[in-house]
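**Q** Questions regarding the structure given below will be posed in turn.
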């Protein structure tokens, strides 16, 4: 395999990994506050369809419309995540069931598809597409050029988000509160921090980021809308959060790894390598299971395990 | 102040006043309304009628945050600490020394907390995670948290239950220092001698009503312990006298034998380190010691609930295999764990089914793979009647009061007429009435020939009930003393890990 | 009285008494009514005539014997996956791997049918069900064992395994020359598809004329009754309920909670796998990766189970309800009722029921507790 191909693979991996990474960063925030949201796929699809709607139906300068489309995607997905937040935080419903319900409600045979039907979005291309930006004119730089300096704007946005989340979680007071709420909401409450507000904020922000991730599919990867266009990226995002031990840097690395691996799969089979492409596709899931098994017990738990209050509804009376 | 819950008046026109610069003890049996009062003071609950004044100003406290703004803080028995965060991060939760609302600099926070710890003479290491701290250190972090935030009223809820006598002394010194600096300290306790040792004034709550406030001041000695106790329970109780005077003669038959027991805890850390004990049939052996010194693992290991690393346990001469609760059960072992609702009873299941938790496999309650519901219910009804318990067989255990739950648990365990009984924290959190019943049942079981191991942090209880007292510290038995005429000072030293000279 | 209060919150007070019966009965009814209102609003917002839509739904689902038969077809997989989810969730075990267990069941059942189907239904039917159950149980054993012995969250591991199982389906039919793939003719290479099982292995259809009941549905009914008895009246069910309520108590009473955990996963996986067997035996007669994956029977089964509050008998009713909605989505499929509405309606109903559940455990109060402050 030559060097050009490797660089090509990595650049593709970064490209395809980005939407999953953005959605996973959002899920990371929700989970860090103690709320598991299995509805990522549904929220991404809502983001995708709304972004596409904007790209199709709003006219204006290209850049502005794209920004508007991404923001609308974020708002739509945040709105959907509000249902989950209300169900699990205010009404203390089971997070697993509510999250799955969200995916069914908004997913490929739900609201996102309904919106697509109503607005007649299928079959024809959108009017705006996000092209790679030749940053500082460094596109042709050897090795790093194609990987770092020739990507669409959302890739750079995802880096800003990742760094921002790292800084937020570790170096700010609200981030400290977030960690406390996800680990021990009773203690946070006793210190006068609002568990409810913290969880709502992060579930909604998580939803918004899932929407942004979803918009990548209809603004960057494809210029058409089809039902279920994210094809399972939301579930990979869930896996990524675990693989990354709930840390933003790990999310990016994991997403790119999966991007590379899936690109590698189709590349290899095109070159007549016998390994079936399903093996590569299964890798994220199998890796996640292995990580879960290793991290869950004994030594790994304290350092790399899930937030202690993840999945547990909080009520002052302990109910 | 009045607080009503659906169907109950938890506090009825309670008047309670704390002055600055005093340590004010709040006495009262469980269920007397202390908790409710404190929850109102800290903004967890709102009063149904009446009000709270701080410095003469009426205030409305909607949340703990409101209470904090008025300088009211509470240190609960269960600490509000985030285990995976460091001491500094815990102290800085929702508070900052420099008023910054966004930036959080961990190293600066650690320096700041270290400085504060020194200033208030409460040494802790600011950069360690809570998970790595001892109970005493965690308590210090809790107090530090409150003090940093400008606490003027500090409520301590039974702070000494988890401490050694020496650690408690240290805590009392801190309390007095805080009061001297002009703060108010509300000290909630069950233990009269502690209250007398540290408080300026004492208020007593009973059935949601304040029954009186007593000035201690310099006349501490003159206050009659019995008076206070009477105010608490509304009748005379006997203090300082052994309830169990008829000590059974050690029977010839073997009771419970424990040889060279070694047990590890859930994290794989050595918890019980070579304990050998013989308990005769009809004897009550008390295990005294500060919680967390291996008692829990010890109890679970002899009851077969936890695997032993080494050592032998036998009941009535029958050796019990390690980690087999059913084998222990078959040999005649009964076990009342300290964590009643966490281990002894399933709260979402009804009383009847809880009563057959250990006997549902027998022919009496099952046929083939099916459970005979009719018999299960009959069994529960007769036990409920026998132990004078309110509530029907179909009520959920979670809806019982703590006292009734403990009675259900004891009823089930004693119903099998066990050869050996391991009972941990028998009366923790129970009111005086139930406490007496539970102690009577333990004494009766011993008199009927059961070998009883009673693990309790309440030294008075152990002194009252046990024939011999084994003191546990650091997973070892540091000494065994006869309960009759035992020297409390000496027991305290044994609890600190000082091994008794042979 | 000072009347200036911050935002008025919704407060939940835990019920200290037993929930009154009327509340238990009224909450689901109220939830459905509320869901009905919400769906009507959605329809209006989408420019549909709600009356027309509802009548089309009824037409398609219950108005005639053949419509009811169609509803039963849609309800069959939901009943089985719903039971699988209910038995696990009732025990506090979050098996969301019903989806993957269903695929594995379909793989096993179709494999057996291809091998011995020609020997007649008397042999093929039990063999298909048995093979599916074994396969599904083993597949479910992976998250079960990982949870029991390594403490890895079964929610996430069982979820991940769904995708692995789906990829296995794809590989068997699309990217390999497996036993399941039809490799006989040219058309088979143009569009990859599975081998059709021998006609003798097709599951019998019960009923006459236009009213028919799939055999798989009857299997589901029997299973519902069996599971109900197991949960309520057997040793196993008793131990499982105790352990689900409080694992510590299970350990204390000498119940093998790890073993029980794995048993529940095996049981749940086996039941979900029967849904896969039924898809092959009752309906498709081939192993069809797309047909098995796109309806998401496994996930919808969790909705079915939640609607039935994890009670096996109530699951029958909720499976019929969601079966009717799904069926309307498939068969009406027009401007009046786009298929995408099924997800919306299912979601709305579940959210309403889920939200209403809290009413049975808590009293809901709006506003602050009354606070009297001396002026």
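**Q** Filter the stretch B:42-53 down to residues that are more than 8 Å from chain C (Cβ to nearest Cβ), in a loop (DSSP other than H, G, I, E, B) and out of contact with any strand residue (DSSP E or B) (no Cβ under 6 Å at 6 or more places or on another chain), then give me how many there are.
**A** Here is the first cut: in the stretch B:42-53, the residues more than 8 Å from chain C (Cβ to nearest Cβ) are B:42-44, B:52-53.
With in a loop (DSSP other than H, G, I, E, B) added as a condition, the list becomes B:42-44.
Those still in the list that are out of contact with any strand residue (DSSP E or B) (no Cβ under 6 Å at 6 or more places or on another chain) too: B:43-44.
Final tally of qualifying residues: 2.
**Q** Mind listing just one residue for me: the one in the stretch A:151-177 that is over 19 Å from the mean Cα position of the chain (by Cα) and buried (at least 21 other Cβ atoms within 10 Å of the Cβ) and, of those, nearest to residue A:13 (Cα to Cα)?
**A** For the stretch A:151-177, the residue satisfying everything is A:176.
**Q** Also, I was wondering about something else. Looking at (1) at the interface with chain A (Cβ under 8 Å from one of its Cβ atoms); (2) assigned to a helix (DSSP H, G or I), which is the one condition that is false for residue C:176?
**A** Result: residue C:176 passes all but (2).
**Q** Tell me which helices (runs of 4 or more DSSP H) are completely within the stretch A:235-317 and hold 1 or more residues being at pLDDT 90 or above and touching a helix residue (DSSP H, G or I) at 6+ places or on another chain (Cβ under 8 Å), or say none if there are none. Steps first, please.
**A** Details: elements: A:248-270, A:277-296, A:299-304.
Where helices (runs of 4 or more DSSP H) fall fully within the stretch A:235-317 and carry at least 1 residues being at pLDDT 90 or above and touching a helix residue (DSSP H, G or I) at 6+ places or on another chain (Cβ under 8 Å), they are A:248-270, A:277-296.
**Q** Restricting attention to the stretch B:384-402, report how many residues are buried (at least 20 other Cβ atoms within 10 Å of the Cβ) and more than 18 Å from residue C:238 (Cβ to Cβ). Step through it out loud before you land on a result.
**A** Filtering the stretch B:384-402 for residues buried (at least 20 other Cβ atoms within 10 Å of the Cβ) gives B:384, B:397, B:400.
Checking which are more than 18 Å from residue C:238 (Cβ to Cβ) leaves us with B:384, B:400.
The number of residues fulfilling the criteria is 2.
**Q** Then there is this: Exactly one condition in (1) in contact with a helix residue (DSSP H, G or I) (Cβ under 8 Å, 6 or more places away or on another chain); (2) within 27 Å of residue C:222 (Cα to Cα); (3) at pLDDT 90 or above is not met by residue C:40; state its number.
**A** (2)
**Q** Check whether at least one residue in the stretch B:451-460 is in a helix (DSSP H, G or I) and touching a helix residue (DSSP H, G or I) at 6+ places or on another chain (Cβ under 7 Å), and report yes or no. Break it down stepwise before answering.
**A** Our first condition is that a residue be in a helix (DSSP H, G or I); within the stretch B:451-460, this holds for B:459-460.
Going one step further and asking which of them are touching a helix residue (DSSP H, G or I) at 6+ places or on another chain (Cβ under 7 Å), we end up with B:459.
Yes; the residues of the stretch B:451-460 include at least one that is in a helix (DSSP H, G or I) and touching a helix residue (DSSP H, G or I) at 6+ places or on another chain (Cβ under 7 Å).
**Q** In addition: Can you tell me which of (1) surrounded by fewer than 18 Cβ atoms within 10 Å (Cβ to Cβ); (2) within 11 Å of chain A (Cβ to nearest Cβ); (3) free of Cβ contacts under 8 Å to residues at least 40 places away in the same chain is the one residue B:56 doesn't meet?
**A** Single failed check for residue B:56: (2).
**Q** Does residue B:290 fit the bill of being part of a loop (DSSP other than H, G, I, E, B), more than 13 Å from every other protein chain (Cβ to nearest Cβ), under 24 Å from the mean Cα position of the chain (by Cα) and crowded, with 17+ Cβ neighbours inside 10 Å?
**A** Details: part of a loop (DSSP other than H, G, I, E, B): yes; more than 13 Å from every other protein chain (Cβ to nearest Cβ): yes; under 24 Å from the mean Cα position of the chain (by Cα): yes; crowded, with 17+ Cβ neighbours inside 10 Å: yes.
Yes, satisfied.
**Q** Tell me which residues, restricted to the stretch B:367-378, are surrounded by 17 or more Cβ atoms within 10 Å (Cβ to Cβ) and in contact with a helix residue (DSSP H, G or I) (Cβ under 6 Å, 6 or more places away or on another chain).
**A** Across the stretch B:367-378, the qualifying residues are B:371, B:376, B:377.
**Q** Failed condition for residue B:326, given (1) surrounded by fewer than 20 Cβ atoms within 10 Å (Cβ to Cβ); (2) in contact with a helix residue (DSSP H, G or I) (Cβ under 7 Å, 6 or more places away or on another chain); (3) free of Cβ contacts under 8 Å to residues at least 60 places away in the same chain, with all others met?
**A** Condition (2) is where residue B:326 drops out.
**Q** Ok, one more. Is it the case that the stretch B:327-336 has a residue that's in contact with a strand residue (DSSP E or B) (Cβ under 7 Å, 6 or more places away or on another chain), more than 17 Å from residue C:254 (Cα to Cα) and either in a loop (DSSP other than H, G, I, E, B) or at the interface with chain C (Cβ under 9 Å from one of its Cβ atoms) (or both)?
**A** Within the stretch B:327-336, not a single residue is in contact with a strand residue (DSSP E or B) (Cβ under 7 Å, 6 or more places away or on another chain), more than 17 Å from residue C:254 (Cα to Cα) and either in a loop (DSSP other than H, G, I, E, B) or at the interface with chain C (Cβ under 9 Å from one of its Cβ atoms) (or both).
**Q** Check B:362, B:437, B:450 and return the single one that is free of Cβ contacts under 8 Å to residues at least 40 places away in the same chain and more than 14 Å from chain C (Cβ to nearest Cβ). Spell out the reasoning first.
**A** Values: B:362 fails: more than 14 Å from chain C (Cβ to nearest Cβ); B:450 fails: free of Cβ contacts under 8 Å to residues at least 40 places away in the same chain.
Sole residue among the options that is free of Cβ contacts under 8 Å to residues at least 40 places away in the same chain and more than 14 Å from chain C (Cβ to nearest Cβ): B:437.
**Q** Another question about this same structure. Return only the number of the condition from (1) in contact (Cβ under 8 Å) with a residue 60 or more places away in the chain; (2) within 14 Å of chain B (Cβ to nearest Cβ); (3) part of a helix (DSSP H, G or I) that residue A:215 does not satisfy.
**A** Single failed check for residue A:215: (2).
**Q** Still on this structure, I have one more. Among the residues of the stretch A:36-78, write down those that are touching a helix residue (DSSP H, G or I) at 6+ places or on another chain (Cβ under 8 Å) and part of a loop (DSSP other than H, G, I, E, B). Spell out the reasoning first.
**A** At the first step, the residues of the stretch A:36-78 found to be touching a helix residue (DSSP H, G or I) at 6+ places or on another chain (Cβ under 8 Å) are A:36-55, A:58-60, A:65-66, A:68-70, A:72-78.
If the condition is that a residue be touching a helix residue (DSSP H, G or I) at 6+ places or on another chain (Cβ under 8 Å) and part of a loop (DSSP other than H, G, I, E, B), then A:36, A:37, A:38, A:39, A:58, A:59, A:60 are the ones that fit.
**Q** Have a look at C:152, C:132, C:200 and point out the one that is more than 19 Å from residue C:103 (Cβ to Cβ), out of contact with any strand residue (DSSP E or B) (no Cβ under 9 Å at 6 or more places or on another chain) and buried (at least 20 other Cβ atoms within 10 Å of the Cβ).
**A** Working: C:132 fails: more than 19 Å from residue C:103 (Cβ to Cβ); C:200 fails: buried (at least 20 other Cβ atoms within 10 Å of the Cβ).
Sole residue among the options that is more than 19 Å from residue C:103 (Cβ to Cβ), out of contact with any strand residue (DSSP E or B) (no Cβ under 9 Å at 6 or more places or on another chain) and buried (at least 20 other Cβ atoms within 10 Å of the Cβ): C:152.
**Q** Would a scan of the stretch B:310-326 turn up a residue that is under 23 Å from residue C:230 (Cβ atoms) and away from chain C (no Cβ under 12 Å)?
**A** Just the residues of the stretch B:310-326 that are under 23 Å from residue C:230 (Cβ atoms), to begin with: B:326.
Restricting the remaining residues to those that are away from chain C (no Cβ under 12 Å) gives none.
Among the residues of the stretch B:310-326, not one is under 23 Å from residue C:230 (Cβ atoms) and away from chain C (no Cβ under 12 Å), which makes the answer no.
**Q** Among (1) over 30 Å from residue A:314 (Cα atoms); (2) part of a helix (DSSP H, G or I), where does residue A:83 come up short?
**A** All conditions are met except number (1).
**Q** Let me ask something else about it. I'm trying to understand the selection: among the residues of the stretch A:139-197, which are outside any helix (DSSP H, G or I), free of Cβ contacts under 8 Å to residues at least 12 places away in the same chain and within 7 Å of another protein chain (Cβ to nearest Cβ)? Give the derivation first.
**A** At the first step, the residues of the stretch A:139-197 found to be outside any helix (DSSP H, G or I) are A:139-143, A:149-152, A:172, A:184, A:191-194.
Among the residues that remain, those that are also free of Cβ contacts under 8 Å to residues at least 12 places away in the same chain are: A:139-142, A:172, A:191-192, A:194.
Those that are outside any helix (DSSP H, G or I), free of Cβ contacts under 8 Å to residues at least 12 places away in the same chain and within 7 Å of another protein chain (Cβ to nearest Cβ): A:172, A:191, A:192.
**Q** Another question about this same structure. Tell me, please, whether a residue that is assigned to a helix (DSSP H, G or I), away from chain C (no Cβ under 14 Å), in contact with a strand residue (DSSP E or B) (Cβ under 6 Å, 6 or more places away or on another chain) and modelled with pLDDT of 90 or more can be found in the stretch A:102-116.
**A** No.
**Q** Only one residue in C:58, C:79, C:72 is closer than 30 Å to residue C:245 by Cβ and part of a helix (DSSP H, G or I). Which one? Quick ask: steps written out before the conclusion?
**A** Numbers: C:58 fails: closer than 30 Å to residue C:245 by Cβ; C:72 fails: closer than 30 Å to residue C:245 by Cβ.
Just one listed residue meets the conditions, C:79.
The rows are residues; the columns are (1) part of a helix (DSSP H, G or I); (2) over 16 Å from residue C:268 (Cβ atoms); (3) touching a residue at least 40 places away in the same chain (Cβ under 8 Å).
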{"site": "C:109", "(1), (2), (3)": "yes, yes, yes"}
{"site": "C:112", "(1), (2), (3)": "yes, yes, no"}
{"site": "C:117", "(1), (2), (3)": "yes, yes, yes"}
{"site": "C:127", "(1), (2), (3)": "yes, yes, no"}
{"site": "C:137", "(1), (2), (3)": "yes, no, yes"}
{"site": "C:140", "(1), (2), (3)": "yes, no, yes"}
{"site": "C:144", "(1), (2), (3)": "yes, no, yes"}
{"site": "C:148", "(1), (2), (3)": "yes, no, yes"}
{"site": "C:152", "(1), (2), (3)": "no, yes, no"}
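**Q** Tally the residues that are in contact (Cβ under 8 Å) with a residue 24 or more places away in the chain and closer than 12 Å to residue A:53 by Cβ, restricting the search to the stretch A:110-121. Give the derivation first.
**A** Step one: list which residues in the stretch A:110-121 are in contact (Cβ under 8 Å) with a residue 24 or more places away in the chain, which gives A:110-113, A:115-116, A:119, A:121.
Next cut, closer than 12 Å to residue A:53 by Cβ only: A:112, A:115-116, A:119, A:121.
Within the stretch A:110-121, residues that are in contact (Cβ under 8 Å) with a residue 24 or more places away in the chain and closer than 12 Å to residue A:53 by Cβ number 5.
**Q** Let me confirm something: among A:47, A:17, which residue is within 30 Å of residue C:44 (Cβ to Cβ) and more than 11 Å from chain C (Cβ to nearest Cβ)?
**A** Working: A:17 fails: within 30 Å of residue C:44 (Cβ to Cβ).
Among A:47, A:17, only A:47 is within 30 Å of residue C:44 (Cβ to Cβ) and more than 11 Å from chain C (Cβ to nearest Cβ).
**Q** A follow-up question, please. If a residue has to be in a loop (DSSP other than H, G, I, E, B), within 7 Å of another protein chain (Cβ to nearest Cβ) and either surrounded by 20 or more Cβ atoms within 10 Å (Cβ to Cβ) or touching a residue at least 60 places away in the same chain (Cβ under 8 Å) (or both) to count, how many in the stretch B:59-83 make the cut?
**A** 3
The values are calculated or read from the model by the stated rules, or taken from the named source; none is laboratory data. All of these numbers come straight from a predicted model, not from anything done at the bench. Backbone-built Cβ (ideal geometry, glycine too); neighbour counts: all protein chains shown.
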